[in-house]
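K.L.:
Here it is, the structure, as structure tokens.
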Amino acid sequence: MDTLERKTTNPSVAEGATLFVEMNGIVKRFPGVLANDHVDFVLRHGEIHALLGENGAGKSTLMNVLAGLYRPESGTILVKGKVVNFSSPRDAIKAGIGMIHQHFMLVPSQTVTENILLGLDKPRFRLQLNEYDHIVADLSERFGLKVEPRAKVWQLSVGEQQRVEILKMLYRGTDILIMDEPTAVLAPQEIEDLFKTLRAMVAEGKSIIFISHKLHEVMAIADRVTVLRKGKVTAAGLDARKTTLQELARQMVGREVIFHLDKKLNTPGEIVLEVEDVCAENDKGLQALNGLSLDVRAGEIVGLAGVAGNGQRELAQVITGLRRCTDGCVILNGEVICNRSALVGIQRGVSHIPEDRTGVGTAPDLSVTDNVIMKQYRRPPIAQHGMLNMQVATKFANELKESYDIIVPNVETPVRLLSGGNLQRVILAREISGQPSLMVAVQPTRGLDVGAIEGVHRLLLSQRESGAAILLISEELEELLSLSDRVYVIYEGRIMGEVKIGAGGSSPEMIDTVGLMMTGTPLEQIRKGEAERNV
Amino acid sequence: MKEPPRWYPAAVSLGAIMVALVLGGILIAFAGGDPFRSYAHIAKASFGNLGVLSDTIVKATPILLTSLACSIAFRMKLWNIGAEGQFIMGAFGAGAIVLTPILPADTSPWIFIPVMMLAGILMGAIWGFFPGFLKARFNVNEIISTLMMNYIAISWVNFFIFAVWTEGGFQMSPKFPENAWLPRLLDYAKTIPIFSGLTTHLGLLIGIVAAIVLWIVIYRSRWGYEIRLIGDNPRAAQYAGINITRNTVLVMMLSGALAGLGGMSEITGMVHRLQTTPLAAGYGFTGIIVAWLAKLNPLVAILVSILFGALLLAGREIQPSGVPKMIQGIILVCLIASDFLMRYRVRIVRAGEEA
Ligand SMILES: Nc1ncnc2c1ncn2[C@@H]1O[C@H](COP(=O)(O)OP(=O)(O)O)[C@@H](O)[C@H]1O
Ligand SMILES: [Mg+2]
């Protein structure tokens with residue numbers, strides 16, 4: 001039998017290191033996506049290993065495979081040297097693997113201790129809760145997990161609930177803890193506390209897999225880093241001390257050949273959109289935008305680059321009237337449009353390609369016709385004396401179907417049956433047909449195949465030529481750099497700087513600069529650093 | 001994913017009703033009855049001749065209006081289960097015109113009936129407004145609030161018929177003057193003899209017109225479009241600039257108004273006096289079932305209401321009269337269960353195989 005010190009063919013693992021987990025060639029497919037494409041992953045004894053990647057990179061999927069929730073289509077998993085074949089999370093826990101999901105799985109009406117004991121064989125009949133309260137208290141003491149054993153879960157903050165989840169795993173004797181984006185729900189101080197706990201756990205010989213898409217956190221906590229991009233490993237087990245933010249950023253967002261688009265030279269016109277010192281909160285009531293300013297002129301595409309979750313979504317919502325700003329203002333063609341309503345934006349010619357195509361951009365059970373008139377149904381010729389002229393609407397829908405190549409048997413089909421690319425064409429058709437003066441496009445190509453992406457790009461460029469101001473919010477750096485005339489970089493709700501892209505397109509230096517800004521270095525600092533080096 | 005063919009939902013619903021009838025038959029057999037004879041009897045008792053057909057339609061009329069009330073609210077995913085109370089308040093509003101009296105007893109029916117209709121609509125709309133407003137403003141669960149308001153409505157009307165408009169201490173108001181009755185077929189028996197004894201009243205026409213208008217509103221008007229959009233995806237509706245708060249209140253008022261119109265039609269077409277027992281007969285709740293069965297389509301609701309009218313009527317004929325109620329219940333359970341088949345595709349996975 002293999003010993004714990006077995007050697008591996010994986011070059012990222014130093015010879016002789018004790019391996020806790022070894023995943024080889026994991027393939028996991030979902031309808032239409034290859035979430036994990038022959039992924040290798042190696043976890044050592046006593047390390048914090050970060051799994052880094054953008055949204056949708058396949059991080060959660062990979063870890064769900066490890067935690068016994070999903071079965072891979074192919075690939076092998078070894079835990080502590082033994083081949084395992086989990087068919088449920090229970091098996092994984094028996095092998096010492098516990099996962100804390102993005103959504104907690106606690107019973108709100110029960111106490112902390114009760115939640116921790118839930119589902120265990122012991123205690124059998126009589127709950128000697130007092131005794132167990134002590135055990136829980138000791139455990140939380142040991143790992144710095146402040147939480148009151150007798151508190152009911154519903155009384156706890158999100159951070160405390162997370163601690164309960166960790167305690168649950170510790171109580172079950174987990175020595176491999178997977179945490180799926182644990183910091184997403186935490187306040188800065190809580191993140192510090194969490195990191196202390198993680199270090200305490202590692203000191204006791206446990207290993208931790210820390211999923212994140214936030215680079216600075218990864219640099220702060222991880223010993224090694226594995227980067228996933230579009231289901232594939234782009235960097236395996238990098239030593240966190242020997243790598244840099246730029247390097248990680250590059251692995252995460254990719255640096256593929258920048259494709260050439262037929263982008264005509266365009267002199268931008270008047271300022272259409274001005275965002276001035278805007279502050280706003282996210283859904284959890286945390287500050288998402290911190291005095292953000294930018295402007296967009298007619299006939300230009302302005303890109304907004306940044307790692308997901310740095311305020312992009314909130315910015316798009318503030319501009320389109322779907323979110324209140326707590327400070328600052330948004331001006332469209334000289335008129336203040338923030339904190340009014342989505343309708344005001346629509347009437348003033350703001351079009352919006354939302355990030356969430358099915359959740360926000362369309363009504364799934366309604367027909368293609370009903371979906372394309374969403375912004376036009378209030379006006380003639382579709383609206384007539386409070387009624388809808390269905391003939392006009394159907395004709396309109398058919399015209400859009402033709403000119404935007406929406407592949408669908410007829411316009412009465414409910415849009416939930418459309419593929420991602422077709423659905424996006426429905427949204428684009430609707431948003432462009434209103435001849436917008438400003439277009440806010442959020443992740444317009446996410447999840448589309450290459451052909452569909454090209455179509456979207458061509459449409460955006462033709463909008464630019466016809467004089468619309470376009471704010472393109474995307475996590476795809478190549479896309480931003482090839483389409484945009486200028487690129488702003490957002491980080492924690494602030495603009496880190498702006499990069500102009502001339503006629504020559506983007507350069508590798510530009511990418512490095514943007515990458516640095518994406519990880520929180522302001523442009524002035526980068527420039528200063530360069531100046532010093534050149535002296 | 002493949003879309004099931006168009007006939008699929010209808011077939012599943014029909015299948016559910018068949019299953020319900022079979023289950024009902026088994027229960028009847030257990031109770032010592034003969035299921036075939038019972039069903040034949042129900043059919044004969046409800047559709048057997050012109051007289052019972054008319055009675056079926058009379059029963060169907062209030063159900064039709066309450067089911068329209070439910071279907072418009074459900075369309076926006078507002079779970080108004082207070083059609084019962086709104087119905088009773090509509091009857092109260094219509095009754096108040098006669099009993100207060102707001103109009104003298106010798107007013108022409110041409111004035112009486114429209115005024116009573118308006119009063120019924122108004123009271124129903126008010127009864128829908130409160131839960132709608134609470135939902136829109138404070139996010140109060142409308143299921144709870146509409147349910148509670150049913151009891152308030154009954155108590156409210158009880159107070160008036162006990163204390164204010166009582167007829168000689170009985171729990172009912174005096175009979176309305178005939179000017180305030182909706183015209184019935186039997187009123188024309190002199191010219192058309194075949195109508196003699198038929199109590200089908202103008203309420204049927206009111207219900208059908210309401211159904212047609214509602215259909216046009218839902219599928220052909222700007223407002224209906226907004227309602228459909230909110231019902232299907234509220235976040236998309238918000239994104240399209242639609243005011244959900246306002247529509248919540250308006251749709252609850254429309255829903256209440258339709259139920260209120262139903263109450264008015266029942267009291268002026270059938271009961272002819274204010275009295276809680278025949279009014280609080282569960283029409284509001286049957287309306288929920290019918291709306292569901294009709295897949296929230298107002299025109300289909302006309303047919304389904306008549307079916308349920310027949311079931312109710314049959315209750316008069318069969319002993320024990322609980323049987324049709326029980327069948328109704330079974331139909332509802334089967335339909336809800338069949339909804340599962342509409343939403344999900346059933347795939348049989350053998351043990352060991354991966355899903
Ligand atoms: N249960 C699922 N069913 C279908 N597709 C899924 C499912 N879970 C994840 N996916 C898809 O797999 C890809 C990877 O998702 P995920 O592992 O959640 O990414 P990450 O955690 O890195 O953000 C995405 O394209 C996602 O849409
Ligand atoms: Mg994830």
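The values are calculated or read from the model by the stated rules, or taken from the named source; none is laboratory data. All of these numbers come straight from a predicted model, not from anything done at the bench. Cβ placement follows ideal geometry from the backbone for every residue including glycine, while neighbour counts extend to all protein chains displayed. To get the accessible areas, we keep the full protein, side chains included, count just its heavy atoms, and leave off ligands, DNA and RNA. Shrake-Rupley method; radii C 1.70, N 1.55, O 1.52, S 1.80 Å.
K.L.:
With a ≥ b ≥ c taken as the square roots of the eigenvalues of the C-alpha gyration tensor of the range A:364-434, please select rounded if a/c is under 1.5 and otherwise prolate if a/b is larger than b/c or oblate if it is not?
P.N.:
Numbers: a/c = 1.93, a/b = 1.68, b/c = 1.15.
Prolate shape, in that a/c is at least 1.5 and a/b is the bigger ratio.
K.L.:
In debye to the nearest 20, how big a dipole does the protein assembly as shown give about its Cα centre with +1 on each Lys and Arg Cβ and -1 on each Asp and Glu Cβ? Display every interim value, and only then the final one.
P.N.:
On the way: 85 positive and 83 negative charges, 412 e Å.
The calculation lands at about 1980 debye.
K.L.:
Of A:Leu343, A:Val489, B:Ala125, which is farthest towards the positive pole of the protein assembly as shown's charge dipole, taken about the Cα centre with +1 and -1 on the beta-carbons of Lys, Arg and Asp, Glu respectively?
P.N.:
Checking the options against the dipole of the protein assembly as shown, the answer is B:Ala125.
K.L.:
As a test of the definition: with a 1.4 Å probe, what buried accessible area, both sides summed, do you compute for A against B, in Å² to the nearest 100?
P.N.:
Values: alone 24540 and 18130 Å², together 40360 Å².
For A against B, buried area totals roughly 2300 Å².
K.L.:
Output ³J(HN,Hα) for the range A:307-323: one whole-Hz value per residue in order, computed from phi by the Karplus curve 6.51 cos²θ - 1.76 cosθ + 1.60 with θ = phi - 60°, and x for Gly and Pro.
P.N.:
6, 3, x, 9, x, 4, 5, 5, 4, 4, 5, 5, 5, 8, x, 9, 9
K.L.:
Using the reciprocal of the averaged 1/r over all distinct C-alpha pairs, how large is the Kirkwood radius of the protein assembly as shown in Å? Could you put the intermediate results ahead of the total?
P.N.:
Details: mean 1/r = 0.0313 Å⁻¹.
The Cα-based Kirkwood calculation yields 32.0 Å.
K.L.:
Which loop-located GluC sites (Glu not before Pro) does the range A:64-139 contain, where loop means any DSSP state but H, G, I, E or B and the Cβ has at most 13 other Cβ atoms within 10 Å? Could the numbers behind the result be given before it?
P.N.:
Details: sites: A:Glu73, A:Glu114, A:Glu131; in loops: A:Glu73.
Here the sparse-neighbourhood loop sites are A:Glu73.
K.L.:
How large, in percent, is the carbon and sulfur part of the accessible surface of the protein assembly as shown at a probe radius of 1.4 Å? Present the calculation step by step, with values, prior to reporting the outcome.
P.N.:
Values: 23640 of 40360 Å².
Carbon and sulfur together cover 59 percent of it.
K.L.:
Something else: Suppose we flag GluC sites (Glu not before Pro) only when DSSP calls them loop and at most 14 other Cβ atoms lie within 10 Å. Which is the longest uninterrupted stretch of chain B? Don't skip to the end; give the middle numbers.
P.N.:
Numbers: sites that count: B:Glu353, B:Glu354.
Between exposed loop sites, the widest span is B:1-352.
K.L.:
I would also like to ask the following. Do any residues of the range A:379-395 show a loss of at least 30 square angstrom of accessible area between the isolated chain and the full protein assembly, using a 1.4 Å probe, and if so which?
P.N.:
A:Gly386, A:Met387, A:Leu388, A:Met390
K.L.:
Apply the Karplus parameterisation 6.51 cos²θ - 1.76 cosθ + 1.60, with θ equal to phi minus 60°, to every residue of the range B:59-65 and state each ³J(HN,Hα) to the nearest whole Hz, in sequence, with x for glycine and proline.
P.N.:
5, 6, 4, x, 5, 4, 5
K.L.:
On average, how much accessible surface per residue is there in the protein assembly as shown, in Å², for a 1.4 Å probe, leaving out ligands, DNA and RNA? Let's see the in-between values first.
P.N.:
Working: 40360 Å² over 890 residues.
Dividing the accessible area of the protein assembly as shown by its residue count gives 45 Å².
K.L.:
A 26 angstrom limit on the alpha carbon distance is what I want to check against. Which of A:Lys152/A:Lys206; A:Lys28/A:Lys80; A:Lys242/A:Lys500; B:Lys135/B:Lys295; A:Lys59/A:Lys152; A:Lys59/A:Lys284 exceed it? Walk me through the intermediate numbers first.
P.N.:
Details: A:Lys152/A:Lys206 28 Å; A:Lys28/A:Lys80 23 Å; A:Lys242/A:Lys500 31 Å; B:Lys135/B:Lys295 24 Å; A:Lys59/A:Lys152 32 Å; A:Lys59/A:Lys284 24 Å.
Pairs exceeding 26 Å: A:Lys152/A:Lys206; A:Lys242/A:Lys500; A:Lys59/A:Lys152.
K.L.:
Also: Taking H as built 1.01 Å from N, whose amide H comes closer than 5 Å to the amide H of A:Ala235, not counting residues under 5 places away?
P.N.:
Here A:Val227 satisfy the definition.
K.L.:
Once the other residues with Cβ under 9 Å from the Cβ of A:Met387 are scored (Lys, Arg +1; Asp, Glu -1), what is the net sum?
P.N.:
Every neighbour counted, the sum reads +2.
K.L.:
Please work out whether chain B counts as rounded, prolate or oblate from its C-alpha gyration tensor, where a ≥ b ≥ c are the square roots of the eigenvalues and a/c under 1.5 means rounded, while otherwise a/b larger than b/c means prolate and anything else oblate?
P.N.:
oblate
K.L.:
In debye, nearest 20: dipole of the range B:1-67 around its Cα centre with unit charges on the Cβ of K, R (+) and D, E (-)?
P.N.:
Values: 5 positive and 3 negative charges, 20 e Å.
With Lys and Arg at +1 and Asp and Glu at -1, about 100 debye.
K.L.:
If the viscosity is 0.692 mPa s and the temperature 37 °C, what translational diffusion coefficient in µm²/s does Stokes-Einstein give for the range B:1-111 when Rh comes from Kirkwood over Cα pairs? If you can, show how the numbers build up before the last one.
P.N.:
Details: Rh = 18.7 Å.
Taking Rh from Cα pairs, D becomes 176 µm²/s.
K.L.:
So how exposed is A:Thr111, as accessible area in Å² (1.4 Å probe, rounded to 10)?
P.N.:
The accessible area comes out at roughly 20 Å².
K.L.:
Please list, ordered by chain and number, the residues whose modelled amide H lies under 5 Å from the amide H of A:Met496; skip anything fewer than 5 residues away on the same chain.
P.N.:
A:Val489, A:Ile490, A:Tyr491
K.L.:
Determine the residues within the range A:354-369 where the difference in accessible area between the chain on its own and the full set of protein chains amounts to at least 50 Å²; count protein heavy atoms only and use a 1.4 Å probe.
P.N.:
A:Val360, A:Leu366
K.L.:
Tell me the accessible surface of A:Tyr404 in square angstrom (1.4 angstrom probe, heavy atoms of protein chains only), to the nearest ten.
P.N.:
Accessible area of A:Tyr404: about 40 Å².
K.L.:
About the Cα centre of the range A:124-169, what is the dipole size in debye to 20, counting +1 per Lys and Arg Cβ and -1 per Asp and Glu Cβ, all else neutral?
P.N.:
On the way: 8 positive and 7 negative charges, 34 e Å.
Taking the Cα centre of the range A:124-169 as origin, the dipole is about 160 debye.
K.L.:
Residues of the range B:228-259 losing 20 Å² or more of accessible surface, assembly versus chain alone, probe 1.4 Å, please list them.
P.N.:
Buried on complex formation: B:Arg228, B:Leu229, B:Asp232, B:Asn233, B:Arg235, B:Ala236, B:Gln238, B:Tyr239, B:Ala240, B:Gly241.
K.L.:
Something else about it: Give me P(r) over the range A:103-173, computed from all C-alpha to C-alpha distances, binned every 5 Å, as integer percentages.
P.N.:
4, 18, 33, 27, 14, 4, 0
K.L.:
If you average the C-alpha positions of the range B:47-76 and of the range B:94-163 separately, how far apart do those two centres end up, in angstrom?
P.N.:
After rounding, the separation between the Cα centres reads 20 Å.
K.L.:
Right, another one. What do you get for GluC sites (Glu not before Pro) in the range A:231-334 restricted to DSSP loop and a cutoff of at most 10 other Cβ within 10 Å of the site's Cβ?
P.N.:
Working: sites: A:Glu247, A:Glu256, A:Glu270, A:Glu274, A:Glu276, A:Glu281, A:Glu300, A:Glu314; in loops: A:Glu256, A:Glu270, A:Glu300.
Sites meeting the loop and neighbour criteria: A:Glu256.
K.L.:
Which ³J(HN,Hα) values in Hz, rounded to whole numbers, follow from the phi angles of the range A:42-49 under the Karplus curve 6.51 cos²θ - 1.76 cosθ + 1.60, where θ = phi - 60° and Gly and Pro get x?
P.N.:
10, 10, 9, 5, x, 10, 9, 10
K.L.:
Between beta-carbons, use under 10 Å as the cut-off and find the net charge around A:Gly434, counting Lys and Arg +1, Asp and Glu -1.
P.N.:
Values: positive: A:Lys375, A:Arg379, A:Arg430; negative: A:Glu431.
So the environment of A:Gly434 carries a net charge of +2.
K.L.:
Per-residue accessible area for B:Trp181 at 1.4 Å probe radius, Å² rounded to 10?
P.N.:
Number for this one is 40 Å².
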